[in-house]
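Participant: Quick one: the structure is below, questions incoming.
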Amino acid sequence: MTALRRVRHDALTTQDVAELRTLFDAEYGAAHGDWDPDAPYGYAPADVHIIAGDGRALGHVGYQRRTIRVGDRMVTVAGTGGMLVGPQARGSGLGMRLLAELQAAMRASRDIEFGYLGCAPAAAPFYVRAGWVRVHVAERHVSRSDGTHVWEAPGAPILVCAAAREVDEWPSGDVDLQGRPW
C-alpha cells in the first residue's frame, strides 16, 4: 500500500519539493508553468502537506490554517488545495486516503474549526463522497493573477468538512477568505 506522510511546509526536504514539482508540472506545467511550493500556480501555499508515495510522489493534498470571515463571525479553517493524484495511481482509492489523512490532520490540530475548499464543478462529487458538504455562499478572495479583491457569486462549488466543529455548526453568511484561495 502506498505510504502517506504528513509534512509541515517548513519541513519539506529538497527531495520532497523535487518530487512534488514533478507531480504537479506533469499535470499543470504546460498550462500554468513551473510549480512553486510557496505560491503554487498563484494559490496560497499549504502549511501542511499530505504526500503519497512509494519512493516518488504519487499524490498530494495540503491545507493552510487561516481565519476567515463568515457572515459576522471569524472562523478558523484549513483551506484545502493542491489535491492531485498522478495518472498511475488514479482509480486506486488514493485520493480518498489522502483526504481522510488530511481530515485527521485538521482534527488533530484542535484549533481548526472546519475544512474549506473551492473546486471545479466536476470535482465536487468526489469531495462529497469523502464527507465534505457543499455550502451555497458568495466568496470574496484575493485574485491569483493580479492581487485585486474578487467577489464570486453563489453557485461555484464551495465545500466544508468537520474538524473541531461539526458541519451543521457552519455559520450563515457570505465568506471573505482574507487572502488568496487554496
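Participant: For the charge dipole of the chain, defined by +1 on Lys and Arg C-beta atoms and -1 on Asp and Glu C-beta atoms about the Cα centroid, which residue among 115, 43, 131 has the Cα displaced farthest towards the positive pole?
Facilitator: Result: 131.
Participant: Placing +1 at every Lys and Arg Cβ and -1 at every Asp and Glu Cβ, with all other atoms neutral, what dipole size does the chain have around its Cα centre, in debye to the nearest 20?
Facilitator: 380 debye
Participant: At what distance in nm do the modelled label points of residue 10 and residue 174 sit from each other, each positioned 7 Å from its Cα along Cα→Cβ?
Facilitator: Simple spin-label model gives 3.6 nm for this pair.
Participant: Under unit Cβ charges (Lys, Arg +1; Asp, Glu -1), what dipole magnitude, rounded to 20 debye, does segment 65-108 have relative to its Cα centre?
Facilitator: That gives a dipole near 80 debye.
Participant: Residue 96 to residue 144: extension gain in nm, 0.36 nm per residue of separation minus the Cα-Cα distance?
Facilitator: Roughly 14.6 nm would be gained on extension.
Participant: Moving on. Counting only residues 5 or more places away or on other chains, whose amide H sits under 5 Å from the amide H of residue 178 once H atoms are built in the peptide plane?
Facilitator: When sequence neighbours closer than 5 places are left aside, the close amide H contacts are 69.
Participant: Also: Under the rule of -39500 (n - 2.57) per DSSP H run of 4 or more residues, summed and divided by the residues of the chain, what mean residue ellipticity at 222 nm is obtained, to the nearest 500 deg cm²/dmol?
Facilitator: One gets -7000 deg cm²/dmol as the mean residue ellipticity at 222 nm.
Bear in mind that the values in this text are calculations on the coordinates, not laboratory data. This one's a predicted model, so the numbers in the text were calculated from it and none came from an experiment. Every residue, glycine among them, receives a Cβ derived from its backbone with ideal geometry; neighbour counts consider all protein chains shown.
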